[in-house]
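I'd like to ask you about the structure that follows.
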Amino acid sequence: MESMLFSSSPSSSSTLLSAQNPSFSSSSSLHPNQIHSSFFFRCPLASRSKPAAVSCCASQQPDMAAASVKEAKLWGGRFEEGVTDAVERFTESISFDKALYKHDIMGSRAHASMLANQGLISFSDRDTILEGLDQIEKRIVKGEFVWRTDREDVHMNIEAALTDLIGEPAKKLHTARSRNDQVSTDFRLWCRDAIDTIVARIKHLQVALVSLAKKNSGVIVPGYTHLQRAQPVLLQHHLLAYVEMLERDAGRLQDCRVRLNFCPLGACALAGTGLPIDRFMTSDALGFTAPMRNSMDAVSDRDFVLELLSANSITAMHLSRLGEEWVLWASEEFGFITPSDSVSTGSSIMPQKKNPDPMELVRGKSARVLGDLVTLQVLCKGLPLAYNRDLQEDKEPVFDSVKTIIGMLEVSAEFAQNITYNRDRIQKSLPAGHLDATTLADYLVHKGIPFRTSHDIVGRAVALCVYKNCELQDLSLEELRSINEVFDDGVYDYLGVQNSIKKFSSYGSTGSECVAAQLDFWISNLKLNQ
């Protein structure tokens, strides 16, 4: 299986994430302990070679070097002098786009095979090219490959190294392709695998939240609107709301994957080629649905990147909301949850402090993910057709967004597995706020009173409770009848949070039977019983 390379940050060298767990669809399931910070991805040409997994280890970072003597650029035939050092430093992208090396090699394998099949190169040259690419990939994996800034980007580094290694056959590899369609192909392959990884992390968090819900059956918590106490809800219902959000997040990513899964390779610089290539062959070899129909669109489109970053930003927003809630609930003022020491930090000056820092950082990093999206939107908004060098700037925000959202999902799942709900504290908090007021209004509707009138009657009952400093269930029947004579003994079946929960019965509500059905659905959907 292929392993995947992510950039560790926009300004630092790439981090290698080793491949360990399979990607899966929205209906798939993994136990939280089965998913780690690594994943597999598909290699349509895996029969050619099987590279070793790359571990996440600083000592294995690829070297960067500036050549002591600059070599002639592969595109430099019409130029009489080379670029200045300042221009070379400013325009190079190898410092970050080397993250695409596996996908660049995958694309070159497919392209070489297609060229041979079409008679544009010999099968002998194809085999030599494939063997050379295998050797280069092994050197990269072992950390022995020297990335040269004078070779500008990942494509030129690999092609030039291939030429050094095998000679003349390497010069045929760029037949009927351009760096424009090459980078677009590489980037789509990278984003496709990134989506599979993010979806896996989403499922991991969903499993953690459903498992947490299973542990807290029957627990009632205050539900809030405007951050004011509103109605009682089952804690399971509350947690499953986030599971639903995450399911939409996964769906958005999977929809994005469908739309990005079309192959630009063979579009060349912008106009295609007059050579007899077979774009359907390369598309199939790389696992794409089909070649892109329009060559200009193929090299200039970055909608798939914008859509990925948009989906990531919505996921980040959901995680930020979850983080904010857990930070609030861990405070002394709420005291609803206690994070374990393993997911908390202390203060350098206040020895009593125990801070839910991971979720504060989740909340904070959501701004970073949103910023990555804004960067790409501004980058693309003024570009004419077709390819423009501005698009070199699309890689770093994407690498950052993917790395950040994966980290946010992982630590959120870790936090969910290491918190305890303080049932006594929650139970003692429930009487405040007259959470059963709306249920009392429903009682009056059952008695034939219009809801607006019922709302007014219950409002006066609440005012009486505020005056007496008591709960609605503490009012005597005589006191209730002084407000409206419709009240009878049956009213007490509607008062109190326990009775209130029992009265919810609409589909999707917080009623016990409804929540049990929701929980059963997610246990089945995530295959937690297997």
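Every read-out reported here was derived from the displayed coordinates using simple, explicitly stated rules and does not represent laboratory data. Note that the structure is a prediction, hence the values are computed from the model and not measured. Backbone-built Cβ (ideal geometry, glycine too); neighbour counts: all protein chains shown.
Would you mind checking K353/K527; K447/K468; K468/K503 for any pair whose Cα atoms are more than 30 angstrom apart?
Numbers: K353/K527 39 Å; K447/K468 26 Å; K468/K503 26 Å.
Where the Cα-Cα span goes over 30 Å, the pairs concerned are K353/K527.
Let's test the formula: R0 of 45 Å, r as the Cβ-Cβ distance of E244 and R481. What FRET efficiency results, to the nearest 0.05?
Efficiency for this residue pair is about 0.60.
Express in whole angstrom the spacing between the alpha-carbon centres of the stretch 182-249 and the stretch 117-154.
A separation of 42 Å, based on Cα centres.
I'd like the FRET efficiency for Q228 and Q254, computed as 1/(1 + (r/R0)^6) with the beta carbon distance as r and R0 of 51 Å, rounded to 0.05.
On the way: r = 37 Å, r/R0 = 0.72.
Step by step, r from the Cβ atoms, then E = 0.85.
Let me ask something else about it. By how many nm would the segment from V87 to D390 grow when fully extended, if each residue of separation counts as 0.36 nm and the alpha-carbon distance is taken off?
107.6 nm
Say a paramagnetic label sat at a point 7 Å from the Cα of E144, along Cα to Cβ; which residues of the stretch 96-135 have their backbone N under 17 Å from it?
Residues 131-135 fall inside that zone.
Compute the relative contact order of the stretch 190-344 as a whole-number percentage, counting only Cα pairs closer than 8 Å that sit 6 or more residues apart in sequence. Don't jump to the answer; show the numbers that get you there.
Working: 139 pairs, mean separation 29.9, N = 155.
Over the stretch 190-344, the number comes to 19 percent.
Report the local net charge at T420: Lys and Arg +1, Asp and Glu -1, summed over other residues whose C-beta lies under 15 Å from its C-beta.
+2
According to a simple spin-label model (label point 7 Å from Cα along Cα-to-Cβ), what is the distance in nm between F521 and N418?
Roughly 3.2 nm, to one decimal.
So if each residue of separation counts as 0.36 nm, and I subtract the Cα-Cα distance between S340 and V374, what length gain in nm does that give? List each step's numbers first, then the result.
Numbers: separation 34, 0.36 × 34 = 12.24 nm, distance 3.60 nm.
Going from the current span to full extension adds 8.6 nm.
While we're here: Quick one: grab the alpha carbon gyration tensor of the stretch 189-234, order the square roots of its eigenvalues as a ≥ b ≥ c, and give me rounded if a/c is under 1.5, else prolate or oblate depending on whether a/b is larger than b/c.
It is oblate, given that a/c is not under 1.5 and a/b is not larger than b/c.
Normalised by the residues of the stretch 255-369, what does the relative contact order come to in percent, with Cα pairs under 8 Å and at least six apart?
Over the stretch 255-369, the number comes to 22 percent.
Assign one of three labels to the stretch 210-307, namely rounded, prolate or oblate, based on the Cα gyration tensor with a ≥ b ≥ c the square roots of its eigenvalues; rounded applies when a/c is under 1.5, prolate when it is not and a/b is larger than b/c, and oblate otherwise.
Verdict is prolate for the stretch 210-307.
For labels at A269 and Y467 in the simple 7 Å Cα→Cβ model, what's the distance in nm?
8.7
With an 8 Å cut-off on Cα pairs and a minimum separation of 6 or more residues, tell me the relative contact order of the stretch 303-357 in percent. Please list the in-between numbers first.
Working: 30 pairs, mean separation 10.6, N = 55.
After rounding, I find 19 percent.
Can you bin the stretch 399-530 into rounded, prolate or oblate? Criterion: square roots of the alpha carbon gyration tensor eigenvalues sorted a ≥ b ≥ c, rounded for a/c under 1.5, prolate for a/b above b/c, oblate for the rest.
Prolate, since a/c reaches 1.5 and a/b exceeds b/c.
How far is the Cα center of the stretch 486-530 from the Cα center of the stretch 321-347, in Å?
If we compute the Cα centre of each part, the gap is 27 Å.
Another question, if that's okay. Select from the stretch 89-145 those GluC sites (Glu not before Pro) which occupy a DSSP coil region and have at most 14 other Cβ atoms within 10 Å, ordered by residue number.
Those that pass, being in a loop and sparsely packed, are E144.
Using 7 Å Cα-to-Cβ label points, what is the K381/K353 separation (nm, one decimal)?
3.9
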